[in-house]
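**Q** Got a structure for you, questions after.
The values are calculated or read from the model by the stated rules, or taken from the named source; none is laboratory data. No experiment lies behind these values; they were computed from the predicted model shown. We place every Cβ from the backbone using ideal geometry, glycine too, and count neighbours over all the protein chains shown. With ligands, DNA and RNA removed, areas are computed over all heavy atoms of the protein, side chains included. Shrake-Rupley method; radii C 1.70, N 1.55, O 1.52, S 1.80 Å.
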Amino acid sequence: MNSRPISSIEKLLLAIAKSSKKLLHHINALRPRQWTKNLVVFAAPLFAFSINFESLLGSVLALVLFCYTSSSFYLINDLADVEADRQHPVKCKRPIAAGLVSIPVAIGMALVLLSSSLMIAWWRSPQLGATITAYAILQVAYNLRLKRTVILDVGAIATGFVLRAYAGAAATGIVLSTWFLLCTAMLALFLGIEKRKAELRLAQIKGGKTRSVLKRYSLPLLNRMENVVTTGTIVTYALWSSGPALNGASTSWMLLTLPFVLYGVFRYQLLSDPQEISGQGDSLSEVGGRSERPEEVLLKDLPILFTVLSWVITCFVILWFKHQGLIE
(Lines give C-alpha, C1' and ligand atoms only; values in the text may rest on other atoms or scores of the structure.)
Protein backbone atom coordinates (compact mmCIF):
# COMPACT_ATOMS: atom_id res chain seq x y z
CA MET A 1 0.00 0.00 0.00
CA ASN A 2 1.51 3.31 -1.07
CA SER A 3 1.85 6.04 1.56
CA ARG A 4 0.13 9.36 1.00
CA PRO A 5 2.45 11.87 -0.73
CA ILE A 6 3.50 14.86 1.38
CA SER A 7 1.80 18.04 0.27
CA SER A 8 3.61 21.31 -0.37
CA ILE A 9 2.11 22.87 2.76
CA GLU A 10 3.31 19.95 4.90
CA LYS A 11 6.81 20.25 3.41
CA LEU A 12 6.81 23.95 4.19
CA LEU A 13 5.70 23.35 7.79
CA LEU A 14 8.38 20.68 8.26
CA ALA A 15 11.03 23.02 6.87
CA ILE A 16 9.90 25.82 9.19
CA ALA A 17 9.94 23.48 12.21
CA LYS A 18 13.44 22.27 11.32
CA SER A 19 14.71 25.82 10.83
CA SER A 20 13.15 26.97 14.09
CA LYS A 21 14.78 24.11 15.99
CA LYS A 22 18.14 24.90 14.41
CA LEU A 23 17.73 28.59 15.28
CA LEU A 24 16.92 27.65 18.87
CA HIS A 25 20.18 25.69 19.13
CA HIS A 26 22.13 28.72 17.91
CA ILE A 27 20.37 30.99 20.40
CA ASN A 28 21.07 28.54 23.24
CA ALA A 29 24.76 28.61 22.30
CA LEU A 30 24.73 32.32 23.21
CA ARG A 31 23.62 31.40 26.78
CA PRO A 32 20.73 33.90 27.01
CA ARG A 33 20.17 32.93 30.65
CA GLN A 34 23.38 34.75 31.49
CA TRP A 35 22.07 38.00 30.01
CA THR A 36 20.30 38.88 33.26
CA LYS A 37 23.73 39.88 34.62
CA ASN A 38 23.82 42.68 32.07
CA LEU A 39 20.72 44.33 33.56
CA VAL A 40 23.19 46.12 35.84
CA VAL A 41 23.51 48.74 33.06
CA PHE A 42 20.10 50.09 34.12
CA ALA A 43 21.43 50.84 37.60
CA ALA A 44 23.04 54.11 36.47
CA PRO A 45 19.85 55.99 35.48
CA LEU A 46 17.88 54.38 38.31
CA PHE A 47 20.37 55.29 41.05
CA ALA A 48 20.85 58.76 39.56
CA PHE A 49 17.06 59.33 39.48
CA SER A 50 17.36 60.08 35.77
CA ILE A 51 14.52 58.02 34.29
CA ASN A 52 13.55 59.35 30.87
CA PHE A 53 13.33 58.15 27.29
CA GLU A 54 16.89 59.16 26.41
CA SER A 55 18.47 57.47 29.42
CA LEU A 56 16.42 54.29 28.91
CA LEU A 57 17.39 54.20 25.23
CA GLY A 58 21.07 54.55 26.12
CA SER A 59 20.79 51.84 28.77
CA VAL A 60 19.09 49.47 26.32
CA LEU A 61 21.94 50.04 23.87
CA ALA A 62 24.50 49.27 26.60
CA LEU A 63 22.51 46.13 27.50
CA VAL A 64 22.52 44.88 23.90
CA LEU A 65 26.23 45.58 23.49
CA PHE A 66 27.11 43.69 26.67
CA CYS A 67 24.90 40.77 25.60
CA TYR A 68 26.73 40.70 22.28
CA THR A 69 30.15 40.86 23.91
CA SER A 70 29.49 38.32 26.66
CA SER A 71 27.86 35.86 24.25
CA SER A 72 30.83 36.12 21.89
CA PHE A 73 33.13 35.01 24.72
CA TYR A 74 30.75 32.21 25.74
CA LEU A 75 31.08 30.94 22.19
CA ILE A 76 34.86 31.30 22.28
CA ASN A 77 35.04 29.43 25.60
CA ASP A 78 32.87 26.60 24.29
CA LEU A 79 35.03 26.37 21.19
CA ALA A 80 38.22 26.22 23.24
CA ASP A 81 36.80 23.59 25.63
CA VAL A 82 34.78 21.60 23.09
CA GLU A 83 36.72 18.34 23.54
CA ALA A 84 36.67 18.54 27.34
CA ASP A 85 32.96 19.44 27.31
CA ARG A 86 32.18 16.34 25.26
CA GLN A 87 33.56 14.23 28.09
CA HIS A 88 31.59 16.09 30.75
CA PRO A 89 28.21 14.59 31.82
CA VAL A 90 26.41 17.96 31.71
CA LYS A 91 28.47 20.22 29.44
CA CYS A 92 28.29 17.62 26.65
CA LYS A 93 24.73 18.87 26.06
CA ARG A 94 25.90 22.34 25.11
CA PRO A 95 25.07 23.06 21.45
CA ILE A 96 28.68 23.19 20.21
CA ALA A 97 29.84 20.15 22.17
CA ALA A 98 26.75 18.21 21.08
CA GLY A 99 27.35 19.07 17.43
CA LEU A 100 24.11 21.03 17.14
CA VAL A 101 26.07 24.14 16.17
CA SER A 102 29.04 23.66 13.86
CA ILE A 103 32.45 25.02 14.81
CA PRO A 104 32.79 27.28 11.69
CA VAL A 105 29.35 28.80 12.36
CA ALA A 106 30.20 29.35 16.04
CA ILE A 107 33.45 31.10 15.06
CA GLY A 108 31.56 33.33 12.65
CA MET A 109 28.93 34.18 15.27
CA ALA A 110 31.59 35.10 17.83
CA LEU A 111 33.46 37.34 15.39
CA VAL A 112 30.31 39.12 14.22
CA LEU A 113 29.00 39.71 17.75
CA LEU A 114 32.30 40.96 19.16
CA SER A 115 33.26 43.18 16.24
CA SER A 116 29.79 44.72 15.92
CA SER A 117 29.57 45.47 19.67
CA LEU A 118 32.96 47.21 19.63
CA MET A 119 32.19 49.25 16.52
CA ILE A 120 28.75 50.37 17.75
CA ALA A 121 30.14 51.22 21.21
CA TRP A 122 32.94 53.41 19.84
CA TRP A 123 30.48 55.03 17.44
CA ARG A 124 28.15 55.87 20.34
CA SER A 125 30.81 57.47 22.54
CA PRO A 126 34.52 57.06 23.41
CA GLN A 127 33.58 56.32 27.04
CA LEU A 128 31.24 53.49 26.07
CA GLY A 129 33.71 52.15 23.53
CA ALA A 130 36.51 52.15 26.10
CA THR A 131 34.26 50.35 28.61
CA ILE A 132 33.25 47.59 26.19
CA THR A 133 36.89 47.23 25.09
CA ALA A 134 38.04 46.99 28.72
CA TYR A 135 35.40 44.31 29.35
CA ALA A 136 36.59 42.35 26.32
CA ILE A 137 40.21 42.57 27.49
CA LEU A 138 39.12 41.48 30.97
CA GLN A 139 37.39 38.42 29.49
CA VAL A 140 40.55 37.49 27.58
CA ALA A 141 42.68 37.86 30.71
CA TYR A 142 40.13 35.95 32.80
CA ASN A 143 40.00 32.99 30.46
CA LEU A 144 43.73 32.84 29.87
CA ARG A 145 44.91 33.30 33.44
CA LEU A 146 42.74 35.01 36.04
CA LYS A 147 40.14 32.26 36.41
CA ARG A 148 42.92 29.97 37.65
CA THR A 149 44.39 32.55 40.07
CA VAL A 150 43.04 32.55 43.61
CA ILE A 151 41.34 35.81 44.78
CA LEU A 152 42.01 37.52 41.44
CA ASP A 153 39.36 35.29 39.85
CA VAL A 154 36.67 36.72 42.14
CA GLY A 155 38.09 40.21 41.63
CA ALA A 156 37.76 39.80 37.87
CA ILE A 157 34.09 38.81 38.24
CA ALA A 158 33.44 41.91 40.36
CA THR A 159 35.26 44.14 37.87
CA GLY A 160 32.98 42.85 35.13
CA PHE A 161 29.92 44.05 37.04
CA VAL A 162 31.49 47.45 37.74
CA LEU A 163 32.19 47.84 34.01
CA ARG A 164 28.55 47.00 33.27
CA ALA A 165 27.40 49.69 35.68
CA TYR A 166 29.85 52.19 34.24
CA ALA A 167 28.70 51.34 30.70
CA GLY A 168 25.15 52.31 31.68
CA ALA A 169 26.50 55.68 32.80
CA ALA A 170 28.69 56.11 29.71
CA ALA A 171 25.77 55.39 27.38
CA THR A 172 23.54 57.94 29.11
CA GLY A 173 26.01 60.66 30.11
CA ILE A 174 25.26 60.17 33.81
CA VAL A 175 27.91 60.89 36.44
CA LEU A 176 27.94 58.08 38.99
CA SER A 177 28.44 58.46 42.72
CA THR A 178 31.62 56.93 44.13
CA TRP A 179 29.53 55.16 46.77
CA PHE A 180 27.41 53.62 44.03
CA LEU A 181 30.46 52.17 42.26
CA LEU A 182 31.86 50.86 45.54
CA CYS A 183 28.52 49.27 46.42
CA THR A 184 28.36 47.62 42.98
CA ALA A 185 31.88 46.26 43.44
CA MET A 186 31.12 44.92 46.93
CA LEU A 187 27.87 43.29 45.82
CA ALA A 188 29.63 41.69 42.84
CA LEU A 189 32.39 40.38 45.13
CA PHE A 190 29.69 38.96 47.40
CA LEU A 191 28.04 37.11 44.49
CA GLY A 192 31.43 35.89 43.23
CA ILE A 193 32.39 34.49 46.64
CA GLU A 194 28.98 32.83 47.00
CA LYS A 195 29.50 31.28 43.57
CA ARG A 196 32.88 29.85 44.62
CA LYS A 197 31.37 28.55 47.88
CA ALA A 198 28.66 26.70 45.98
CA GLU A 199 31.20 25.24 43.54
CA LEU A 200 33.44 24.11 46.40
CA ARG A 201 30.56 22.43 48.23
CA LEU A 202 29.48 20.59 45.10
CA ALA A 203 33.08 19.56 44.45
CA GLN A 204 33.35 18.15 47.97
CA ILE A 205 30.14 16.16 47.47
CA LYS A 206 31.19 14.74 44.11
CA GLY A 207 34.79 14.15 45.14
CA GLY A 208 36.40 16.27 42.43
CA LYS A 209 37.03 19.92 41.63
CA THR A 210 35.99 21.06 38.17
CA ARG A 211 37.90 24.35 38.56
CA SER A 212 41.61 24.20 39.33
CA VAL A 213 41.37 27.40 41.39
CA LEU A 214 39.11 25.63 43.91
CA LYS A 215 42.18 23.75 45.18
CA ARG A 216 43.38 27.02 46.72
CA TYR A 217 40.08 27.84 48.41
CA SER A 218 38.53 26.47 51.59
CA LEU A 219 35.12 27.10 53.12
CA PRO A 220 36.55 28.85 56.22
CA LEU A 221 38.53 31.23 53.96
CA LEU A 222 35.50 31.95 51.79
CA ASN A 223 33.35 32.51 54.87
CA ARG A 224 35.81 35.12 56.16
CA MET A 225 35.91 36.81 52.75
CA GLU A 226 32.11 36.76 52.65
CA ASN A 227 31.87 38.49 56.03
CA VAL A 228 34.09 41.33 54.81
CA VAL A 229 32.26 41.98 51.52
CA THR A 230 28.80 41.56 53.08
CA THR A 231 29.63 44.31 55.55
CA GLY A 232 31.13 46.40 52.75
CA THR A 233 28.01 46.00 50.60
CA ILE A 234 25.63 47.09 53.31
CA VAL A 235 27.80 49.97 54.54
CA THR A 236 28.47 51.43 51.07
CA TYR A 237 24.79 51.19 50.12
CA ALA A 238 23.81 52.87 53.40
CA LEU A 239 26.32 55.67 52.75
CA TRP A 240 25.02 56.16 49.20
CA SER A 241 21.38 56.20 50.31
CA SER A 242 22.16 58.75 53.04
CA GLY A 243 21.86 61.43 50.39
CA PRO A 244 23.68 64.50 49.05
CA ALA A 245 25.46 65.23 52.34
CA LEU A 246 27.72 62.25 51.67
CA ASN A 247 27.85 62.68 47.87
CA GLY A 248 25.35 59.87 47.48
CA ALA A 249 21.76 59.76 46.30
CA SER A 250 19.90 62.94 45.47
CA THR A 251 17.65 62.43 48.50
CA SER A 252 18.20 60.82 51.90
CA TRP A 253 14.75 59.22 51.60
CA MET A 254 16.54 56.40 49.74
CA LEU A 255 17.35 55.04 53.20
CA LEU A 256 13.85 53.56 53.01
CA THR A 257 15.19 51.04 50.50
CA LEU A 258 17.96 49.79 52.80
CA PRO A 259 15.79 47.02 54.39
CA PHE A 260 15.22 45.49 50.94
CA VAL A 261 18.98 45.33 50.35
CA LEU A 262 19.54 43.76 53.76
CA TYR A 263 16.85 41.14 53.19
CA GLY A 264 18.08 40.34 49.67
CA VAL A 265 21.65 39.76 50.85
CA PHE A 266 20.56 37.64 53.81
CA ARG A 267 18.09 35.67 51.68
CA TYR A 268 20.82 34.82 49.18
CA GLN A 269 23.02 33.59 52.03
CA LEU A 270 20.10 31.54 53.37
CA LEU A 271 19.68 29.72 50.06
CA SER A 272 23.27 28.45 50.15
CA ASP A 273 23.25 27.51 53.85
CA PRO A 274 23.59 23.70 54.28
CA GLN A 275 21.51 23.74 57.50
CA GLU A 276 18.63 25.50 55.71
CA ILE A 277 18.88 22.98 52.88
CA SER A 278 18.32 20.03 55.19
CA GLY A 279 15.34 21.81 56.73
CA GLN A 280 13.60 22.33 53.39
CA GLY A 281 14.24 18.92 51.93
CA ASP A 282 16.42 20.18 49.09
CA SER A 283 19.70 18.51 48.34
CA LEU A 284 22.93 20.39 48.85
CA SER A 285 23.74 20.02 45.18
CA GLU A 286 20.40 21.54 44.14
CA VAL A 287 20.63 24.63 46.32
CA GLY A 288 24.36 24.90 45.87
CA GLY A 289 23.75 24.83 42.14
CA ARG A 290 21.29 27.72 42.43
CA SER A 291 23.75 29.89 44.36
CA GLU A 292 26.42 28.89 41.85
CA ARG A 293 24.26 30.59 39.19
CA PRO A 294 23.11 33.99 40.51
CA GLU A 295 20.95 34.61 37.44
CA GLU A 296 18.82 31.56 38.30
CA VAL A 297 18.35 32.71 41.90
CA LEU A 298 17.12 36.06 40.61
CA LEU A 299 14.65 34.44 38.22
CA LYS A 300 13.41 31.52 40.33
CA ASP A 301 13.39 32.49 44.00
CA LEU A 302 10.08 34.22 44.69
CA PRO A 303 11.14 36.06 47.89
CA ILE A 304 14.14 37.59 46.11
CA LEU A 305 12.00 38.48 43.10
CA PHE A 306 9.48 40.14 45.41
CA THR A 307 12.29 41.98 47.23
CA VAL A 308 13.77 43.31 43.98
CA LEU A 309 10.33 44.38 42.78
CA SER A 310 9.58 46.11 46.10
CA TRP A 311 12.93 47.90 45.95
CA VAL A 312 12.23 49.15 42.41
CA ILE A 313 8.70 50.31 43.30
CA THR A 314 9.97 52.13 46.40
CA CYS A 315 12.65 53.88 44.32
CA PHE A 316 10.06 55.05 41.80
CA VAL A 317 7.73 56.27 44.55
CA ILE A 318 10.56 58.27 46.12
CA LEU A 319 11.47 59.64 42.68
CA TRP A 320 7.86 60.72 42.04
CA PHE A 321 7.57 62.46 45.42
CA LYS A 322 10.87 64.24 44.80
CA HIS A 323 9.77 65.47 41.38
CA GLN A 324 6.54 66.71 42.91
CA GLY A 325 8.53 68.69 45.46
CA LEU A 326 6.96 66.79 48.37
CA ILE A 327 10.36 65.63 49.69
CA GLU A 328 13.90 66.92 49.47
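**Q** Can you pull the Kirkwood radius for the range 79-160, inverse mean 1/r over Cα pairs, to one decimal in Å? Don't skip to the end; give the middle numbers.
**A** Working: mean 1/r = 0.0682 Å⁻¹.
Computed over the range 79-160, the radius equals 14.7 Å.
**Q** Once phi is turned into θ = phi - 60°, what whole-Hz ³J(HN,Hα) does the Karplus curve with 6.51, -1.76 and 1.60 give for every residue of the range 236-246, x standing for Gly and Pro?
**A** Coupling constants for the range 236-246: 5, 5, 5, 5, 5, 6, 5, x, x, 4, 10 Hz.
**Q** Give the residue list of trypsin sites (Lys or Arg not before Pro) in the range 126-217 that are DSSP loop and have at most 16 other beta-carbon atoms within 10 angstrom.
**A** Working: sites: ARG145, LYS147, ARG148, ARG164, LYS195, ARG196, LYS197, ARG201, LYS206, LYS209, ARG211, LYS215, ARG216; in loops: ARG145, LYS209, ARG211.
Loop-located and lightly packed - ARG145, LYS209, ARG211.
**Q** Still on this structure, please answer the following. List, in the order given, every pair from LYS21/LYS195; LYS215/LYS300; LYS197/LYS300; LYS22/LYS195; LYS22/LYS147; LYS93/LYS195 whose Cα-Cα distance in the structure shown is over 28 Å. Please list the in-between numbers first.
**A** Details: LYS21/LYS195 32 Å; LYS215/LYS300 30 Å; LYS197/LYS300 20 Å; LYS22/LYS195 32 Å; LYS22/LYS147 32 Å; LYS93/LYS195 22 Å.
Violating the 28 Å limit, Cα to Cα: LYS21/LYS195; LYS215/LYS300; LYS22/LYS195; LYS22/LYS147.
**Q** Using the Cβ atoms and a cut-off under 12 Å, what net charge is assigned to the surroundings of TYR142, where Lys and Arg are +1 and Asp and Glu are -1? Numbers along the way, then the final one.
**A** Numbers: positive: ARG145, LYS147, ARG148; negative: ASP153.
So the surrounding residues net to +2.
**Q** Further question: What is the range 19-165's relative contact order, in percent, from Cα pairs under 8 angstrom and six or more apart in sequence? List each step's numbers first, then the result.
**A** Working: 130 pairs, mean separation 39.7, N = 147.
That works out to 27 percent.
**Q** Would you please give the residues with an amide H less than 5 Å from that of ILE96, counting only those at least 5 places away or on a separate chain, with H modeled from the backbone geometry?
**A** Here the answer is VAL101, since their amide H atoms fall under 5 Å of that of ILE96.
**Q** Ok, one more. Measuring with a 1.4 Å probe in the full set of protein chains, what accessible area per residue, in whole Å², belongs to the range 80-216? Before the final figure, lay out each step's value.
**A** On the way: 6840 Å² over 137 residues.
Per-residue value: 50 Å².
**Q** Please compute the Cα-Cα pair-distance distribution of the range 16-151 with 5 Å bins starting at 0, giving whole percents from short to long.
**A** 2, 10, 16, 19, 19, 14, 10, 7, 3, 1
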